[in-house]
Amino acid sequence: MQRLPHLVTPHAELTVLPPERAELVLDYYLRNRDHLEPWEPLRPAGFYTLTYWNHRLRDSYQQCFNGSAINLAALDGSGNMIASCNFTNIIHGVFQACYLGYSIDQRYQGKGLMQELLTSAIDYMFTDQQLHRIMASYMPRNERSGRLLEKLGFEKEGLARDYLMINGRWEDHVMTALINPASRQRK
């Protein structure tokens with residue numbers, strides 16, 4: 001059985017939240033609704049409700065235990081959710097890869113916190129989950145995200161036209177990937 005990750009960084013802790021902590025995620029998305037809207041899909045009915053997040057966290061918990069996704073919430077010293085780091089579509093076998101998605105509270109943007117959190121989370125995925133490759137994409141106009149991925153060592157692999165439906169319209173995305181340095185040595 002998969003063990004729940006609990007990662008501690010200098011400014012936050014990353015963990016998979018259980019369903020009974022749904023109010024933390026709801027509060028995060030309510031506080032950051034306008035900030036995140038340009039970069040995320042249109043939200044389904046009920047997204048901004050406690051019931052929705054209770055069910056979503058139940059699914060997230062199950063995905064963590066079956067190894068298909070690890071959705072981490074970053075909590076500050078007061079226990080408030082301030083960011084998310086989601087590793088989804090985890091595939092083992094010959095691929096050993098996943099996709100990375102992330103967001104940060106508007107109040108913490110531009111302070112280096114997301115880099116701190118992702119450095120810790122990526123290390124966990126490469127070391128504990130033994131993945132070989134983490135893929136992430138960003139819209140070309142999201143320069144901040146592009147710079148963050150570059151600082152983390154992600155390499156550009158191409159441009160996917162009309163890749164994802166974001167905020168109601170198809171958006172191009174720059175495709176990037178990070179290869180586990182330890183697995184590169186095993187070539």
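The values are calculated or read from the model by the stated rules, or taken from the named source; none is laboratory data. All figures in this text were calculated on a predicted structure; none of them were measured in a lab. Glycine gets a Cβ as well: all are built from the backbone with ideal geometry, and neighbour counts include every protein chain shown. The accessibility values were calculated without ligands, DNA or RNA, using every heavy atom of the protein model including side chains. Shrake-Rupley method; radii C 1.70, N 1.55, O 1.52, S 1.80 Å.
Just so you know, in region 156-187 the residues that are within 18 Å of G101 (Cβ to Cβ) and among the acidic types (D, E) include one that is surrounded by the most Cβ atoms within 10 Å (Cβ to Cβ), and it is E171.
Is it the case that some residue within region 104-121 is in contact with a helix residue (DSSP H, G or I) (Cβ under 8 Å, 6 or more places away or on another chain) and at positive phi?
Within region 104-121, one or more residues are in contact with a helix residue (DSSP H, G or I) (Cβ under 8 Å, 6 or more places away or on another chain) and at positive phi.
Exactly one residue out of L17, L42 is surrounded by 18 or more Cβ atoms within 10 Å (Cβ to Cβ), part of a loop (DSSP other than H, G, I, E, B) and of a type outside the set (F, W, Y), and it is L17.
Here is a yes/no grid of residues against (1) aliphatic (A, V, I, L, M); (2) within 14 Å of L24 (Cα to Cα); (3) in a loop (DSSP other than H, G, I, E, B):
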| position | (1), (2), (3) |
| --- | --- |
| W53 | no, yes, no |
| R56 | no, yes, no |
| Y61 | no, no, no |
| S78 | no, yes, yes |
| I82 | yes, yes, no |
| N89 | no, no, no |
| G93 | no, no, yes |
| R107 | no, no, no |
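Filtered by the rule that a residue be in contact with a strand residue (DSSP E or B) (Cβ under 9 Å, 6 or more places away or on another chain) and free of Cβ contacts under 8 Å to residues at least 24 places away in the same chain, region 89-101 gives N89, I91.
All conditions but one from (1) within 26 Å of L149 (Cα to Cα); (2) more than 14 Å from the chain's Cα centre (by Cα); (3) of a type in the set (F, W, Y) apply to F47; the one that does not is (1). Would you point out the residue of region 94-148, among those that are touching a Ser or Thr at 6+ places or on another chain (Cβ under 6 Å) and of a type in the set (S, T, N, Q), that is most open to solvent (accessible area, probe 1.4 Å)? Restricting to residues being touching a Ser or Thr at 6+ places or on another chain (Cβ under 6 Å) and of a type in the set (S, T, N, Q), the top hit is S120. When the residues of region 120-130 are filtered to those that are in a helix (DSSP H, G or I) and free of Cβ contacts under 8 Å to residues at least 60 places away in the same chain, the one that is nearest to R144 (Cα to Cα) is I122. Per the listing I91, I82, the residue uniquely surrounded by 12 or more Cβ atoms within 10 Å (Cβ to Cβ), farther than 23 Å from R107 by Cβ and either of a type outside the set (D, E) or touching a Leu at 6+ places or on another chain (Cβ under 6 Å) (or both) is I91.
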